[in-house]
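> Can you keep this structure in mind? I'll have questions shortly.
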Amino acid sequence: MKPNRTKEDILLLSQLQQGDKKAFNTLFRRYYPILCAYAHRFVDLEDAEEIVQDVMLWLWENREILLIESSLSQYLLKMIYHRSLNRIAQKEVKYRADTLFYEKSQAMIYDVDFYQIEELTKRIHTAIAELPESYREAFIMHRFRDMSYKEIAQTLNTSTKTVDYRIQQALKLLRKELKEFLSFALIFLAA
């Protein structure tokens, strides 16, 4: 990195700490592509972009208390590295939990009375139909059309965080509505 870039980063960081949005925008434009490319070495592009956005948001929200002893680029790369490793670990834990849940649910399916499955299917469809429209729409796109949060967000012209919230709320309402069938419903809602 050029020595004048480091001096420029120090100046921008100082301006950022004073709440200068232009300084933040300059830092964001300068580092966003580099950080995304770096994070993408560890995680898929969608996760890489989300990690970088989270880091940049963290940088802005914590600007007044920042204490960076290395260069800004080293600091940001280290944050991206650690958050990427955390994302990998989270996905590994989720994969193991999903695998265990799938294995246990398969064993349960063989013991289930098919009348209960038919009744549960009807109740699930009814419960989904009764969800608020925005929750139902996001839930159906994700669970039945296999759309990613990013694809849903683009289709609905909203953020991935909003999509995540709507799907989580839909699941919460479905769990509440289907509580008497919860052990069976989880098999179908998790798939």
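> In segment 125-151, what residues are in a helix (DSSP H, G or I) and either loosely packed, with under 11 Cβ neighbours inside 10 Å or at pLDDT below 85 (or both)? Before the answer, list the steps.
Of segment 125-151, the ones in a helix (DSSP H, G or I) are 125-129, 133-143, 149-151.
HIS125, ALA129, GLU133, listed by residue number.
> Among what's in segment 1-55 and is closer than 19 Å to GLU69 by Cα and basic (Lys, Arg), pick the residue that is surrounded by the fewest Cβ atoms within 10 Å (Cβ to Cβ).
LYS2
> Something else: Counting residues that are under 28 Å from ILE152 (Cα atoms), under 21 Å from the mean Cα position of the chain (by Cα) and modelled with pLDDT of 90 or more, which helices (runs of 4 or more DSSP H) fully inside segment 1-92 reach at least 2? So that I can check it myself, show each step before the final result.
Numbers: elements: 3-17, 21-40, 45-61.
Of the helices (runs of 4 or more DSSP H) lying wholly inside segment 1-92, those with at least 2 residues that are under 28 Å from ILE152 (Cα atoms), under 21 Å from the mean Cα position of the chain (by Cα) and modelled with pLDDT of 90 or more span 21-40, 45-61.
> Here are the criteria: (1) surrounded by fewer than 14 Cβ atoms within 10 Å (Cβ to Cβ); (2) modelled with pLDDT of 75 or more. Tell me which single one MET108 does not satisfy.
In the conditions (1) surrounded by fewer than 14 Cβ atoms within 10 Å (Cβ to Cβ); (2) modelled with pLDDT of 75 or more, MET108 misses (2) alone.
> Further question: Which residues, taken from segment 152-170, are buried (at least 18 other Cβ atoms within 10 Å of the Cβ) and within 8 Å of ALA138 (Cβ to Cβ)? Quick ask: steps written out before the conclusion?
If we filter segment 152-170 for residues that are buried (at least 18 other Cβ atoms within 10 Å of the Cβ), which is where we start, we get 152-153, 160, 163, 166-167, 170.
Hits for segment 152-170 are ILE152, VAL163, ARG166, ILE167, ALA170.
> Within segment 171-191, restricting attention to residues that are modelled with pLDDT of 75 or more and part of a helix (DSSP H, G or I), which residue is surrounded by the most Cβ atoms within 10 Å (Cβ to Cβ)? Full working, then the answer.
Filtering segment 171-191 down to residues modelled with pLDDT of 75 or more leaves 171-179.
Filter once more, keeping what is part of a helix (DSSP H, G or I): 171-177, 179.
Details: LEU171: 16, LYS172: 11, LEU173: 18, LEU174: 23, ARG175: 14, LYS176: 10, GLU177: 17, LYS179: 9.
Checking each candidate, the answer is LEU174.
> Right, here's the next one. Could you grab me the full set of residues in segment 56-68 that are in contact (Cβ under 8 Å) with a residue 40 or more places away in the chain and either surrounded by fewer than 20 Cβ atoms within 10 Å (Cβ to Cβ) or outside the structural domain of ARG83 (by the TED database) (or both)?
TRP60, ARG63, GLU64, LEU66, ILE68
The values are calculated or read from the model by the stated rules, or taken from the named source; none is laboratory data. A quick note: this is a predicted structure, and the numbers were derived from the prediction, not measured. So basically every Cβ, Gly included, is an ideal-geometry build from the backbone, and we count neighbours across all protein chains shown.
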